[in-house]
Amino acid sequence: MNTLVLRTDLSGDPTFREVLERVRDFDLDAYAHQDVPFERLVDVLSPTRTESFHPLFQTMVVLQNQESARIDLPGLSVTSQPVHTGISKFDLTFSFTETHDEAGRVTGIDGSLEFSTELFEVATARSLADRLTRLLDGVTSDPDVRVHSIQMLTEPEQQRVLEAGRGEVRRFSPSTVPAAFGAQVVRGSG
């Protein structure tokens with residue numbers, strides 16, 4: 001496995017279908033250079049290094065869609081077990097794994113989110129996962145939707161954001177600008 005750093009251009013308010021085309025083109029170009037080890041890329045680019053964040057990206061998206069390895073040993077039953085270290089290498093890691101039926105046909109995708117507990121609380125990480133789910137629901141139901149028009153927040157979340165942005169409500173007496181200025185001058189000289 002080799003990590004590829006990929007960026008997506010969302011300028012111009014594209015549709016999701018257009019975003020997929022951009023991602024495909026960018027990724028195909030990147031895959032043409034996938035033989036370059038990630039560590040070599042970091043050495044060549046020489047980004048500013050700090051222990052507080054990864055040098056090239058903070059969010060990773062992983063798709064596990066390869067066939068599961070099967071080991072057939074006479075008289076031995078072998079099953080794979082996921083291993084969780086309890087340590088997140090990146091700020092956020094969204095992992096997706098294809099699910100299959102008995103015949104091996106893809107039946108869906110399972111997802112999980114690993115996150116840095118130094119940066120995110122469980123409720124915040126869950127909220128990010130919920131928003132990603134809303135995004136995926138929106139783009140799969142209408143691939144021609146403009147990505148900037150997809151509603152990421154629930155109605156209560158939108159209300160909280162609007163209320164927080166309004167600030168403190170202050171009462172003032174209606175007045176003209178010259179009258180308010182004169183009143184301030186009187187207060188300041190007293």
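Residue by residue, here is whether (1) loosely packed, with under 11 Cβ neighbours inside 10 Å; (2) touching a residue at least 12 places away in the same chain (Cβ under 8 Å); (3) polar (S, T, N, Q) holds:
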residue: ILE71; (1), (2), (3): yes, no, no
residue: SER80; (1), (2), (3): yes, yes, yes
residue: GLY86; (1), (2), (3): yes, no, no
residue: PHE90; (1), (2), (3): no, yes, no
residue: THR93; (1), (2), (3): no, yes, yes
residue: PHE96; (1), (2), (3): no, yes, no
residue: ALA103; (1), (2), (3): yes, no, no
residue: LEU119; (1), (2), (3): no, yes, no
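Restricting the first member to the range 11-25 and to residues that are under 9 Å from PRO143 (Cα atoms), and the second to residues that are acidic (Asp, Glu), the beta-carbon pairs closer than 6 Å and six or more apart or on different chains are THR15/ASP144; ARG17/ASP144.
Residue-by-condition table, conditions (1) within 21 Å of GLN58 (Cα to Cα); (2) modelled with pLDDT under 80; (3) assigned to a helix (DSSP H, G or I); (4) within 17 Å of the chain's Cα centre (by Cα):
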residue: THR8; (1), (2), (3), (4): yes, no, no, yes
residue: ASP13; (1), (2), (3), (4): no, no, no, no
residue: GLU21; (1), (2), (3), (4): no, no, yes, no
residue: HIS33; (1), (2), (3), (4): no, yes, no, no
residue: VAL42; (1), (2), (3), (4): yes, yes, yes, no
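Look through the range 132-175, keep the residues that are part of a loop (DSSP other than H, G, I, E, B) and hydroxyl-bearing (Ser, Thr, Tyr), and return whichever of them is farthest from the chain's Cα centre (by Cα). So, considering only residues that are part of a loop (DSSP other than H, G, I, E, B) and hydroxyl-bearing (Ser, Thr, Tyr), the one farthest from the chain's Cα centre (by Cα) is SER175.
The values are calculated or read from the model by the stated rules, or taken from the named source; none is laboratory data. Remember, predicted model here, so these are calculated numbers, not experimental data. Neighbour counts are summed over all protein chains in view; Cβ atoms, including those assigned to glycine, are modelled from backbone coordinates with ideal geometry.
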